[in-house]
Amino acid sequence: MTVHTAVRPTRSNRSIGWVPYPLIAIIVVPAIAGTLRLVELAGGPHLLPANPRITASPVPVIVHIVCAVLYSLLGAFQFSNGLRRRWPDWHRVAGRVVVGLGLAVAFSALWMTAFYPRIPGGALATVFRLGFGTGMAASIVLGFIAIRRRDIARHRAWMARAYALALGAGTQALTLGIGKAIFGDSELTTALMLGAGWGINLAVVEYIIRARFKSSVRNRIPVSVRAA
């Protein structure tokens, strides 16, 4: 008896896949808000609510916004398997840039949390910002150490966690809108919805990491063993 094995169609090596585009879509709202704030700081029209903290000390905000937008855009394409296969040198060079941008995002966020007065969300939001900001910086450092040791799986996992935390602002645009509509505008609601944004992103990325790990383990098992 002849057994015919179905052959899956392979993607063209020219395709970079669909993964970067939904990641970029998540940052559209915070990127627009950040751009408007930069225009305001450059002397343009005030299109966002006034923020005396930013006016008094604009440098950390400028660093945070510029680096966050660049990190989110470049980082999205780092997760493209097709791009890594087709241009591995670009992936390595861009990866070094992404590491620097990511650390700038994390440390500028930590600086603003520690030194800006009257952080929205009160003490609980301050704890969340310090915790998740530190977590992002630590994830980038651990991811960099992993790739230096040629541990690609750990490198991808830690970089994915860092990127998920960086995309927190995009998810928070949704959680804050829903939370305030249901529970009202209070410091506790703000803090909890900020934390929910980071928590949702981490939960999603952890699920993806574990699903990929199980898939890679299964693919390493010989077909004859799986059949048995």
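Only Cα pairs under 8 Å and 6+ residues apart enter the sum, and on that basis the relative contact order of the chain stands at 18 percent. Summarising the label geometry, the points placed 7 Å from Cα in the beta-carbon direction at Arg92 and Arg53 lie 4.2 nm from one another.
Estimated from the Cβ-Cβ distance and a Förster radius of 45 angstrom, the FRET efficiency linking Ile62 and Tyr207 is about 0.80. Based on the Stokes-Einstein relation at 25 °C and a viscosity of 0.890 mPa s, and on the Kirkwood radius from alpha carbon pairs, the stretch 20-217 is assigned a translational diffusion coefficient of 139 µm²/s. Note on the chain: with a GNM built from Cα contacts shorter than 10 Å, the maximum mean-square fluctuation among Gly44, Gly199, Gly131 falls on Gly44. Express in whole angstrom the spacing between the alpha-carbon centres of the stretch 148-166 and the stretch 49-86. What the calculation gives is 18 Å, centre to centre.
Using just its DSSP H runs of length 4 or more, each adding -39500 (n - 2.57), the chain gives a mean residue ellipticity at 222 nm of -26000 deg cm²/dmol after division by all residues.
At a Förster radius of 30 Å, what calculated FRET efficiency corresponds to the Cβ-Cβ distance of Val19 and Arg150, to the nearest 0.05?
Efficiency, from the Cβ-Cβ distance: 0.80.
Each listed q (0.14, 0.16, 0.20, 0.28 Å⁻¹) maps to a log10 I(q)/I(0) for the stretch 95-139 from the Debye sum over equal C-alpha point scatterers, namely -0.33, -0.42, -0.60, -0.95.
Read-outs: derived from the displayed coordinates by stated rules, not from any lab. Note that the structure is a prediction, hence the values are computed from the model and not measured. Neighbour counts run over all protein chains shown; Cβ positions are idealised from the backbone, glycine included.
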